[in-house]
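Quick notes on the structure that follows.
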Amino acid sequence: MEPVETAKVAHAVVMDTSFYLACGIFFVALALIISEKIHKTIVALFGASLVLVLKILEQHEAFHLEEFGVDWNVIFLLIGMMTIINLMRPTGLFEYIAIRSAKAGRGEPLRIMVIFAIITAVLSALLDNVTTVLLLAPVTLLIADALEVDPIPYLIVEALASNIGGTATLIGDPPNIMIASKAKLDFMDFIIHLTPVVIIMMFVMIVILKLVFGKRLKTRDELKERIMQMDEREAIKDPVMLTKSLVVLGIVLVGFILHGVFHYEPATVALFGAGLLLLLSGTHEPHHILAEIEWPVIFFFIGLFIMVGGLVKVGAISLMSQKMLALTKGNLFATSMVIMWFSAIASAVVDNIPYVATMNPLVIDMAKELWPGHAGMELLQHPELMPIWWSLALGACLGGNGSAIGASANVIVVGMAEKAGHKISFVKFMAYGLPIMFVTVFISMIYVWLRYYALA
Amino acid sequence: MKAKDLMSPIEEYLTPDMSLCTAVTRMRGIKRVHGLPIKGMLVKNEQGTVVGMVSIKDILRAVIPTYLSPDLSIFSWDNMLEQMSNRASDKVVGDIMVKDLVTIDSEVPLMLCTDLMIKKGLQRLPVTDENDEIIGMVYIRDIFDIVSEYIVKGGQEHGTC
């Protein structure tokens, strides 16, 4: 416990006007974001502008310092991947994969559900979750209509699978992108530490699906024939562009796998992929592709980073991390479990992006308190700190399944279902999501305990 | 000529709570002057206010599932249209009607009516009096009948017809 005591002296927080202003701006903004009275991007940008106008942060700090400012690695990784996906989308690849999978399931409703859950998880691990469900949901509705079965279980299962699958990789889910950038973790770290447990979760989820839906999902043979008669090759609109996209996506994936070895940041890899595919596409009007980037999400990140930067600078984050350590009495296993469950519950209720943006500096601050002599990578990737990063990632990503508003993929699925005339109530989503959230976080808990504490 | 000179009177209306089945039956039963069934009707609520309009396009739109993009419609099955039409019979007029009506004052010249219909892709235009009450309907077909007559007349005069 000694280090904590000395640290308290070293990092004494001065609660001056700036302190209260930074906290005030952040918590009012958070409340407004939760209330959904004003669009979250507007709230974040205005909050960030206040942080600058009130000189809580100097503009230089907000724009150029890693500690307080915008994490450009996150921003450009998102922009790069979104550009690649926008270029790939019109090729018809995703429709092809979906129809192909339904045929591989031979029109059997349960088998299709399982296959769709798996492809959603895999695609979400490689692309972002929202894009994955946005592309798969329409095909799912079509197939459910063809088989004359209720599409709602399929859609919810896809949202859940996309959140679970997204947990597996650095690029799968925004919390992982943010954690990777702050903790300087590379793509392979996520593959080694998170992918195995995600595979276990997917197995468990499939078993649960079989138990729950095994007897309920039935269709007639002539309806299965409708699926079998679809020709997935017709989905491919632009075979040349498809080939180019797949080559670039392959290069990007290899780039991600090797970025740690060659000391490239993931954003560099994504930007290279985006630039290359734009060049290969031969388009003369890149503004269409660039306009489709989710700018509101990008600016939400920018605003949040600056607001959280303000909190870090005035010492509010240090204060919170000291409280957290006092609570768990410096026991790191207890700390990681508290962080995992708290993250899961928090992410089910609020957007996990602001949550992780706040937690990242908090974890780093905690590390500074615990190991005052360490700095740089030695501190960020201190062996005892690693399970805490993984707990944060697992909790924040998987918690999204807890409610219909827990993750963007859920919101998209519910919206698309409603437009198609199938209303998914908040409670209905929770009936699927909450049990899956508890099961997956429980699996994560056992995994973290076994791998990093019991067997370490 | 003005809108009021060409408009046809409106005798029947649909109601927002009417099922698509009833609405379609009603529309099939009303014949226009040329002998073909009417292709669009106004919707009036219990208070007697006009709240929207339903045309055959709106009914057809209600049959196409929202998820069906051009990319996906190639994967439709043989009797999908029939299946979806059957399902659409449960919908009500209020769900599918066009709510923001384009109307035109009865004193407006036909030239303006024609321009508006072409620019906005309308087949029929409700005509209002000075109190904004709908008193009739101008149909694109009726405008065309006048226009075609003058085209033929002109052609004969210029020797091009």
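The values are calculated or read from the model by the stated rules, or taken from the named source; none is laboratory data. This is a predicted model, so every value here is computed, not measured. We place every Cβ from the backbone using ideal geometry, glycine too, and count neighbours over all the protein chains shown.
Yes/no per residue for (1) within 32 Å of the chain's Cα centre (by Cα); (2) at pLDDT 85 or above; (3) closer than 30 Å to A:Ala407 by Cα:
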| residue | (1), (2), (3) |
| --- | --- |
| A:Glu2 | no, no, no |
| A:Ala10 | no, no, no |
| A:Tyr20 | yes, yes, no |
| A:Ile25 | yes, yes, yes |
| A:Ala31 | yes, yes, yes |
| A:Lys40 | yes, yes, yes |
| A:Ala44 | yes, yes, yes |
| A:Ala48 | yes, yes, yes |
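Selection of helices (runs of 4 or more DSSP H) fully inside segment B:60-136 by the criterion of at least 1 residues being more than 28 Å from A:Ala98 (Cβ to Cβ), touching a residue at least 40 places away in the same chain (Cβ under 8 Å) and within 14 Å of chain A (Cβ to nearest Cβ) returns B:93-96. The helices (runs of 4 or more DSSP H) found entirely in segment A:285-362 that carry 3 or more residues being modelled with pLDDT under 95 and either in contact with a Cys (Cβ under 8 Å, 6 or more places away or on another chain) or under 24 Å from A:Leu379 (Cα atoms) (or both) are A:295-314, A:316-328, A:332-349. Taking segment B:1-49 as the range and being part of a loop (DSSP other than H, G, I, E, B), hydrophobic (A, V, I, L, M, F, W, C) and within 16 Å of B:Met97 (Cβ to Cβ) as the test, the residues that pass are B:Ile10, B:Met18, B:Ile38.
Going by the conditions given, is A:Met386 within 30 Å of B:Asp90 (Cβ to Cβ), surrounded by fewer than 24 Cβ atoms within 10 Å (Cβ to Cβ) and either modelled with pLDDT of 90 or more or more than 14 Å from every other protein chain (Cβ to nearest Cβ) (or both)? In short, no. The residues of segment A:199-224 that are among the charged types (D, E, K, R), modelled with pLDDT of 90 or more and under 23 Å from A:Ala431 (Cβ atoms) amount to a single one, A:Lys210. Test A:Ala396 against the criterion of being over 25 Å from A:Ser336 (Cα atoms), crowded, with 23+ Cβ neighbours inside 10 Å and in contact with a Ser or Thr (Cβ under 7 Å, 6 or more places away or on another chain), and give yes or no. No, not satisfied. Among the candidates A:Ala396, A:Ala420, the residue that is touching a Phe, Trp or Tyr at 6+ places or on another chain (Cβ under 8 Å), in contact (Cβ under 8 Å) with a residue 12 or more places away in the chain and within 14 Å of another protein chain (Cβ to nearest Cβ) is uniquely A:Ala420.
Applying the criterion of at least 2 residues that are within 14 Å of another protein chain (Cβ to nearest Cβ) and farther than 17 Å from A:Leu127 by Cα to the helices (runs of 4 or more DSSP H) found wholly in segment A:195-262 leaves A:221-228.
Screening B:Lys91, B:Lys99 for residues that are modelled with pLDDT of 90 or more, over 27 Å from A:Ala235 (Cα atoms) and buried (at least 17 other Cβ atoms within 10 Å of the Cβ) leaves exactly one candidate, B:Lys91. Only one entry of A:Ala159, A:Ala125, A:Ala137 meets the criterion of being buried (at least 24 other Cβ atoms within 10 Å of the Cβ), within 13 Å of chain B (Cβ to nearest Cβ) and assigned to a helix (DSSP H, G or I), and that entry is A:Ala137. Counting only residues that are touching a residue at least 12 places away in the same chain (Cβ under 8 Å) and among the acidic types (Asp, Glu), segment B:137-161 holds 1 of them.
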